Amino acid sequence: MSSPRVVIIGAGIAGLCAAVYARKCGYRVELIEQHDSAGGLATSWRRGDYTFETCLHWFTGANPKGALNAQWREVFDVTKLSFVYPEEFARVETERGERLRIYSNVDRLEAELLRQAPEDAAEIGHLIATIRRLSRFPMPDPSESWPGKGIALLRVLPYMRLLHGWSRLSIRDYGERFHNSLLRGFFGSGEGSQLSMLALLFALAWMNERNGAYVVGGSQAIIRLIRERLDELGGHLRLGARVEKILVERDEAVGVQLAGGEIIRADWVVSAADGHATIYELLGGKYNDEVTERTFRTLTPFSSYLQVSFGVARDLSAQPGFVTRVLDAPLAVDPDTTLSALSLRFFHFDPTFAPAGKTAVTCFLPTRNFTFWVDLQRNEPARYQAEKHRVAEAVIAIVEDGARFPQSHRDDRYINAGNRHSVHGQLAR
């Protein structure tokens with residue numbers, strides 16, 4: 001008698017991990033991905049001599065004794081990764097030369113914040129104390145069995161009031177507590193500022209413990225290792241196959257139908273695809289409920305974004321990995337989006353992304369008028385290209401001015417515009 005069969009839709013990190021666990025539990029696994037490579041949003045691409053990353057900011061679990069390391073080891077060999085631990089995690093700069101450095105080490109961070117904003121000493125003390133406390137937070141393991149789960153819960157109880165208070169506060173709203181403009185700029189800029197403050201606090205706490213680090217090779221380095229693990233276990237990954245429908249009989253999922261009509265029967269169907277597409281398209285909206293409907297109707301989605309990516313024929317290691325550049329003159333992205341700051345990433349610390357002495361650079365720009373770009377692409381392709389070029393040139397000019405290098409150091413420029421839409425934390429084409 002053959003073992004039960006599981007069909008998993010979507011070969012992003014969630015789908016790949018689900019496939020590994022299913023194989024470890026003895027199921028036959030068919031992992032279906034509509035694109036020509038695994039990874040989903042955890043992806044990068046090559047252009048000439050450069051690699052441009054679109055996903056990975058840092059990896060949580062770099063410390064063998066830290067949070068999530070044990071969970072990652074269940075799906076791939078973490079020891080095969082090479083980590084970079086940046087001393088300066090991020091920097092806020094103005095075009096007048098003012099700078100605020102965000103250090104990974106909490107002691108250096110505290111000293112820098114107090115030096116920059118002594119008028120905010122009380123709130124800085126509160127922030128630093130919270131980071132130090134969360135550095136010791138005992139992350140529960142959801143797979144742990146009783147009584148270990150009960151003991152883990154007891155360890156977490158002293159943190160519950162702290163977690164509850166910070167979880168109700170967005171990063172942007174927290175920034176309003178500061179008087180210093182650079183501090184307000186750090187907390188208030190970018191689309192991520194609408195997230196819970198807990199997300200930033202845990203990131204800073206994990207980096208302080210050297211548990212948050214950058215992976216050399218970016219997101220695809222992780223995807224490659226998980227896929228190798230799946231191959232070793234005998235799971236089957238099918239690329240270039242789009243699921244059109246989840247088949248249901250007597251209110252139970254029994255398989256999937258691919259575009260073109262092919263049917264794959266299964267004992268279990270797991271969707272690791274976009275939640276909205278799964279409920280309203282693959283299941284035809286038949287298994288919706290009031291809570292789900294209200295969730296998709298009322299929650300604020302993340303903005304779509306443009307990504308400007310370019311290679312620079314220069315070593316930019318004097319820059320930190322992340323830079324928020326506050327602008328004197330706002331940048332118009334589309335008719336509904338004007339930005340007062342740019343979020344830049346300099347990949348000088350990853351030798352796999354550019355030739356020696358050169359640097360891959362990316363810039364993400366939120367665009368709140370997705371329809372503007374779609375309509376241009378469909379109806380006015382020449383203007384669509386011109387608008388992308390305009391935005392790219394504006395970004396490059398800002399980077400050139402801030403990094404103080406002439407145009408002769410430009411190498412290549414690659415622009416992706418208006419092609420990703422975020423729904424409740426999940427991005428879908």
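The values are calculated or read from the model by the stated rules, or taken from the named source; none is laboratory data. No experiment lies behind these values; they were computed from the predicted model shown. Cβ placement follows ideal geometry from the backbone for every residue including glycine, while neighbour counts extend to all protein chains displayed.
Summary of values
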read-out	value
Residue satisfying all of: in segment 170-197; exposed (fewer than 14 other Cβ atoms within 10 Å of the Cβ) and not polar (S, T, N, Q); farthest from residue 136 (Cα to Cα) among these	179
Filtered residue count, segment 1-40, keeping only those that are crowded, with 17+ Cβ neighbours inside 10 Å, among the charged types (D, E, K, R) and either in contact with a helix residue (DSSP H, G or I) (Cβ under 8 Å, 6 or more places away or on another chain) or in a helix (DSSP H, G or I) (or both)	2
Any hit, segment 195-202, residues being in contact with a strand residue (DSSP E or B) (Cβ under 9 Å, 6 or more places away or on another chain) and under 30 Å from residue 80 (Cα atoms)	yes
Listing of strands (runs of 3 or more DSSP E) fully contained in segment 41-105 that carry 2 or more residues being of a type outside the set (A, V, I, L, M), farther than 29 Å from residue 127 by Cα and in contact with a Gly (Cβ under 9 Å, 6 or more places away or on another chain)	44-47, 50-53
Subset of segment 172-187 (residues that are assigned to a helix (DSSP H, G or I), farther than 18 Å from residue 103 by Cα and touching a helix residue (DSSP H, G or I) at 6+ places or on another chain (Cβ under 7 Å))	172, 174
Residue among 162, 183 that is at pLDDT 85 or above and within 24 Å of the chain's Cα centre (by Cα)	183
Qualifying position, being at positive phi, at pLDDT 95 or above and surrounded by fewer than 20 Cβ atoms within 10 Å (Cβ to Cβ), among 224, 210	210
Given (1) touching a strand residue (DSSP E or B) at 6+ places or on another chain (Cβ under 8 Å); (2) modelled with pLDDT under 95, number of the condition residue 360 does not satisfy	(2)
Residue satisfying all of: in segment 204-239; part of a helix (DSSP H, G or I) and of a type in the set (Asp, Glu); farthest from the chain's Cα centre (by Cα) among these	232
Condition check for residue 219: under 24 Å from residue 302 (Cβ atoms), in contact with an Asp or Glu (Cβ under 7 Å, 6 or more places away or on another chain) and surrounded by 19 or more Cβ atoms within 10 Å (Cβ to Cβ)	yes
Residue, farthest from residue 365 (Cα to Cα), within segment 292-336, restricted to residues that are surrounded by 14 or more Cβ atoms within 10 Å (Cβ to Cβ) and β-branched (Val, Ile, Thr)	292
Matching option when the condition is among the hydrophobic types (A, V, I, L, M, F, W, C), touching a helix residue (DSSP H, G or I) at 6+ places or on another chain (Cβ under 9 Å) and over 30 Å from residue 397 (Cβ atoms), among 270, 254, 312	270
Options 155, 132, 108, 136: the member that is part of a loop (DSSP other than H, G, I, E, B), over 27 Å from residue 397 (Cβ atoms) and not aliphatic (A, V, I, L, M)	136
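Residues checked against (1) on the phi < 0 side of the Ramachandran plot; (2) modelled with pLDDT under 95; (3) surrounded by 20 or more Cβ atoms within 10 Å (Cβ to Cβ):
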| residue | (1), (2), (3) |
| --- | --- |
| 44 | yes, yes, yes |
| 49 | yes, yes, no |
| 62 | yes, no, yes |
| 65 | yes, yes, no |
| 76 | yes, no, yes |
| 82 | yes, no, no |
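Results for (1) at positive phi; (2) modelled with pLDDT of 95 or more; (3) more than 20 Å from the chain's Cα centre (by Cα), shown as yes or no for each residue.
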| site | (1), (2), (3) |
| --- | --- |
| 347 | no, yes, no |
| 383 | no, yes, yes |
| 417 | no, no, no |
| 427 | no, no, no |
